[in-house]
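Undergrad: Quick one: structure below, then a few questions.
The values are calculated or read from the model by the stated rules, or taken from the named source; none is laboratory data. Since this is a predicted model, take the numbers as computed values, not measurements. Cβ placement follows ideal geometry from the backbone for every residue including glycine, while neighbour counts extend to all protein chains displayed. The protein model used for the area step is the full one, side chains on, heavy atoms only, and it has no ligands, DNA or RNA in it. Shrake-Rupley method; radii C 1.70, N 1.55, O 1.52, S 1.80 Å.
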Number of protein chains: 2
Amino acid sequence: MPESAVRPQPDIALARRLFDALAMRTRSGRGIVRDSYGPGEQAAHDIAGTAAADLGLEIARYAAANLYMTLPGRDRTAPALIVGSHLDSVPQGGNYDGAAGVVAGLSAVAGLRQAGIVPACDVTVMAIRAEEAAWFDASYIGTHAAFGLLAPEVLDVPRSDNGRTLAEHMTEAGGDAAAVRRGIAHLSRERVRGFVELHIEQGPVLVGGGVPLGLVTGIRGCRRFRNARCHGAYAHSGAEPRAFRRDAVAATVALVHQLNEDWVRREAAGDDLTFTTGEFFTDRALHGPSKIAGETRFVLDFRSISDDVMLRMRDRAIALAREIEPRFRVRFELGTPIYSAPALLDPGVRARMKDHAAALGIPTIEMASGAGHDASVFANLGIPSAMLFIRNAHGSHNPDEAMDIDDFAAAVRVLTSYLAAETAS
Amino acid sequence: MPESAVRPQPDIALARRLFDALAMRTRSGRGIVRDSYGPGEQAAHDIAGTAAADLGLEIARYAAANLYMTLPGRDRTAPALIVGSHLDSVPQGGNYDGAAGVVAGLSAVAGLRQAGIVPACDVTVMAIRAEEAAWFDASYIGTHAAFGLLAPEVLDVPRSDNGRTLAEHMTEAGGDAAAVRRGIAHLSRERVRGFVELHIEQGPVLVGGGVPLGLVTGIRGCRRFRNARCHGAYAHSGAEPRAFRRDAVAATVALVHQLNEDWVRREAAGDDLTFTTGEFFTDRALHGPSKIAGETRFVLDFRSISDDVMLRMRDRAIALAREIEPRFRVRFELGTPIYSAPALLDPGVRARMKDHAAALGIPTIEMASGAGHDASVFANLGIPSAMLFIRNAHGSHNPDEAMDIDDFAAAVRVLTSYLAAETAS
């Protein structure tokens, strides 16, 4: 850890109060509901905004109604360092996915404030709107809008639960949908010096490895055949010889099996990759226990921090489907894969974070993020970005998320130490 | 063909009139609906009964309300030769599945009658009730009841479309459900000399081979894991490394893929076998494009004329599941397979049928029946039984069945010739 006159400590008591308030205000049944641009997300923004005002931070919102909570720097014209994450959740989600990153920012900035530190540049805690695709079928809405990059048609998407458009919800939340539609940006590459996002890990790597903190190397992109189909023909399971069959299940099984084998081989060769078929189903209206299935629908989901690896798997899936078709007398209709770009996080920032953690005696490992995060948008715009993963059991997007507050405190100590050092001059 | 004084010809004009009447009276929308023990099946019984009365046949029904139409033999006490099939259909079925066997019997007996033949024993055309499992979730109801073998609880099964029990429907159709429940039999092994069933082929073998007639060697039995499941765990498709995954789709794909390979190998070794996974689905309420699937449900359907082959595949499925479980950290719950016995048809009767066909210049091939038929009940009771398949396009259980009346006529010529020869003395 670089030497420093004062050694600021994050305000963990504040973090506890914020987590409690979030749980109390946004729990609905067993899980958390912080609906994007709706009352649940707004309640979380109100809690964060009130805490920021108590800390004497500057508050701003702009067209997309993101919440910017700024500790002013010595040079107000210098690019700002942003710490943040999103405050929305999936329906029946957990209390920490997203919110932990905002609470971490407030705890750290409170620590700087309490230590009497005035940073060289503005340090802004950003509570981002609408990261989850669950509500408007699009991810990173708040971040894209902040950079003036939101596709205008997304504003007309009806929300999955109530059918009312994003534009309507954004206006109700105090935003300016017309400005967002015109691409008016508040953020730009030039105005942001760096971006740091703390987030609970959504997989089992840290729990499995017994390590509290992950330094994220990159955020996997995704190439996904979302609505793939196999067309065969229904026939009697006992009366149709194999030579005549057009069995959609057998053909799809052959495809998925081979792609699974390919994944094992690529992983052994050192490629970063996941392959998943999370949906696979025959048609309930037409299938039957004594019928050959005439159709399947399925998903092929490829993720990697390397776009090259994803492209090879996409091409492999297409080639395999063509090869399997005549063998099973079926027709695959894979469709056009959806794409999200992988993002490489900044190796320099990561190395410095690692140094701060080491100085504080906190074990870390490097790992890829399988899920997408707002940080990928910042990183892909060329802004040096970092992510810290906090150990968490039971994944996320469910009410059983289990983050230990001590692990959270360890992460925020690293963050606070990093912020103080980065903004010392 | 054995020498015979008269050479009886089937009454194909009668057959055409009966098929037309059946189609006219039981078509509903695009398909045929002859609901078991309901108005559709009853309409078919009325058509057959009227034709039989016109031919001067004896009519009887007994407790299960099957329809027995008998050309009296010289010795009324000798065991009867029965020709028959069922008159019910699946919902939106075709006009020929089942009915062709009854129409064939009437055409043939009409031919014997017109040729002035008095057979040595009674020749009975039997229109069987409720063969299709679509209505009461049980097959061969009419045949089982005729032999006093219907499981009593089947009488209490509600019909799938209207919820009223089999007992109620049987009573309304003129039957005696109480007698059926007590196991009162009309037929027995001792009273039946032989059984012959003509039926359209439900697969593509005869069309594919360019042959009008199939001599059925046996009726495949079935061992089916009807409600198999794989239990894994839902997780994020990008964030869960393979070493932690409990992927129900990947595990089920591995199982089905291996069983498909086993089928290919057994078939190459000469075993009679089909293997089909006609249902395979993840849970719509819980699956998702970016989730690993935590559960699958699927069917494993094994059919063979050899029970030994089916038992080996059943055991193989169970052993494979145990082997795959630790590799994928899942649990299979295959359940207890349902069972229907295979039935071997009589080789002597088949050989004589083949001679009659050859004498008439009608090409035949020997083949197994993949679907179940009433003939299997007769055969498994030790009654010498035979089946003739008639070439038919598009399978059955759908409105597109396509049997050529010339192929039907060829089959009934063989049947008529056979009946005349068998009952000559």
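Undergrad: Counting helices only, and only those DSSP H runs with n ≥ 4, report the 222 nm mean residue ellipticity of the protein assembly as shown as the sum of -39,500 (n - 2.57) divided by its residues, in deg cm²/dmol to the nearest 500.
TA: Helix contribution divided over all residues of the protein assembly as shown: -11500 deg cm²/dmol.
Undergrad: Select from B:Pro289, B:Pro342, B:Pro158 the residue whose mean-square fluctuation is largest in a Gaussian network model of chain B (Cα-Cα springs shorter than 10 Å).
TA: B:Pro289
Undergrad: Using 1/(1 + (r/R0)^6) with R0 = 35 angstrom and r between the beta carbons of A:Glu261 and B:Ala319, what's the FRET efficiency to the nearest 0.05?
TA: Computed FRET efficiency for A:Glu261 and B:Ala319 comes out at 0.95.
Undergrad: Take every Cα-Cα distance within the protein assembly as shown, group them into 20 Å bins from 0 onward, and report for each bin the whole-number percent of pairs it holds.
TA: 14, 35, 23, 18, 9, 1, 0
Undergrad: In the range B:64-153, which trypsin sites (Lys or Arg not before Pro) are in a loop and have at most 11 other Cβ atoms within 10 Å, using DSSP for the loop call?
TA: B:Arg76
Undergrad: Moving on to the next point. Taking amide H positions as placed 1.01 Å from N in the peptide plane, with prolines and chain starts having none, which residues 5 or more places from B:Gly98, or on another chain, fall under 5 Å of its amide H?
TA: Hits under the 5 Å cutoff: B:Ile200.
Undergrad: Okay, moving on. Please turn the phi angles of the range B:72-77 into ³J(HN,Hα) values with the Karplus equation 6.51 cos²θ - 1.76 cosθ + 1.60 (θ = phi - 60°), one per residue in order, whole Hz, x for glycine and proline.
TA: My calculation for the range B:72-77 gives x, x, 5, 10, 6, 8 Hz in order.
Undergrad: May I pose another question? Tell me: how much accessible area in total is hidden between B and A, 1.4 Å probe, Å², nearest 100?
TA: 4100 Å²
Undergrad: As an exercise, use a Förster radius of 30 Å and the Cβ-Cβ distance of B:Glu366 and A:Arg242 to find the FRET efficiency, rounded to the nearest 0.05.
TA: Efficiency computed from Cβ-Cβ geometry: 0.95.
Undergrad: Right, another one. Averaged across orientations, what area in nm² does the convex hull of the alpha carbons in chain B project?
TA: Over every viewing direction, the Cα hull of chain B projects on average to 21.9 nm².
Undergrad: Check B:His287: other-chain or 5+ apart residues with amide H under 5 Å from its amide H, H built from backbone geometry?
TA: Correct list: empty.
Undergrad: Would you kindly derive the ³J(HN,Hα) couplings of the range A:178-195 from the backbone phi angles with the Karplus curve 6.51 cos²θ - 1.76 cosθ + 1.60 (θ = phi - 60°), listing them in order in whole Hz, with x for Gly and Pro?
TA: With the stated coefficients, the range A:178-195 comes to 5, 5, 4, 4, 7, x, 5, 9, 9, 9, 8, 3, 6, 8, 10, 7, x, 9 Hz.
Undergrad: Send over the Kirkwood Rh of the range B:222-338, from the inverse of the averaged 1/r over different Cα pairs, rounded to one decimal Å.
TA: By the Kirkwood definition, the hydrodynamic radius is 14.7 Å.
Undergrad: Suppose we keep just the DSSP beta bridges with both residues in chain B; what percent of those would be antiparallel, to 5?
TA: Rounded to the nearest five, the antiparallel share is 65 percent.
Undergrad: Inverting the mean 1/r over all pairs of different Cα atoms, compute the Kirkwood radius of the range B:166-229 and quote it in Å.
TA: In the range B:166-229 this quantity evaluates to 16.7 Å.
Undergrad: Enter the angle in degrees (range 0 to 90, nearest 10) between the Cα long axis of helix A:12-26 and the first principal axis of the Cα atoms of chain A, meaning the one along which they spread out most.
TA: 50 degrees
Undergrad: Next up: Taking R0 as 45 Å, what FRET efficiency do you get between B:Asp307 and B:Asp54 from their Cβ-Cβ distance, rounded to the nearest 0.05?
TA: E(calc), rounded to 0.05, equals 0.50.
Undergrad: Would you work out what percent of the accessible area of the range B:293-335, with all protein chains in place, is carbon or sulfur (probe 1.4 Å)?
TA: 49 percent
Undergrad: If I build a Gaussian network model for chain A, linking alpha-carbon pairs within less than 10 angstrom, which residue out of A:Ala358, A:Ala317, A:Ala285 has the largest mean-square fluctuation?
TA: In this elastic network of chain A, the residue with the biggest mean-square fluctuation among A:Ala358, A:Ala317, A:Ala285 is A:Ala285.
Undergrad: Can I ask one more? How big is the gap, in Å, between the Cα center of the range B:191-244 and the Cα center of the range B:54-93?
TA: Rounded to whole Å, the Cα centres lie 31 Å apart.
Undergrad: Given the C-alpha atoms of the range B:12-138, compute the convex hull and give its volume per residue in Å³.
TA: Normalising the Cα hull of the range B:12-138 by residue number yields 92 Å³.
Undergrad: Provide, as a two-decimal number, the C-alpha radius of gyration of the range A:84-214 over 2.2 N^0.38 Å, N being how many residues it has.
TA: Against the compact-globule rule of thumb, the ratio is 1.20.
Undergrad: Here is a follow-up. Could you give the nm distance between label points at B:Asp20 and A:Asn227, where each point is 7 Å from its Cα heading toward the beta carbon?
TA: For B:Asp20 paired with A:Asn227, the spin-label model returns 4.8 nm.
Undergrad: Mind giving me the nanometre distance, one decimal, between the label points for B:Ser28 and A:Asp404, set 7 Å out from Cα along Cα→Cβ?
TA: Here the modelled spin labels are 6.5 nm apart.
Undergrad: Could you give the spread of the C-alpha atoms of the range A:334-425 along their three principal axes, from largest to smallest, in whole angstroms?
TA: Between the extreme Cα coordinates on each principal axis of the range A:334-425 lie 51, 35, 18 Å.
Undergrad: I want to make sure I understand the PRE zone here: with the label point 7 angstrom from the Cα of B:Ala178 toward its beta carbon, which residues in the range B:52-93 have backbone N atoms less than 20 Å away?
TA: B:61-66
Undergrad: Something else now. In the Gaussian network model of chain B, springs joining C-alpha atoms below 10 Å, which of B:Val309, B:Val299, B:Val253 carries the largest mean-square fluctuation?
TA: With Cα springs under 10 Å in chain B, the top fluctuation among B:Val309, B:Val299, B:Val253 is at B:Val253.
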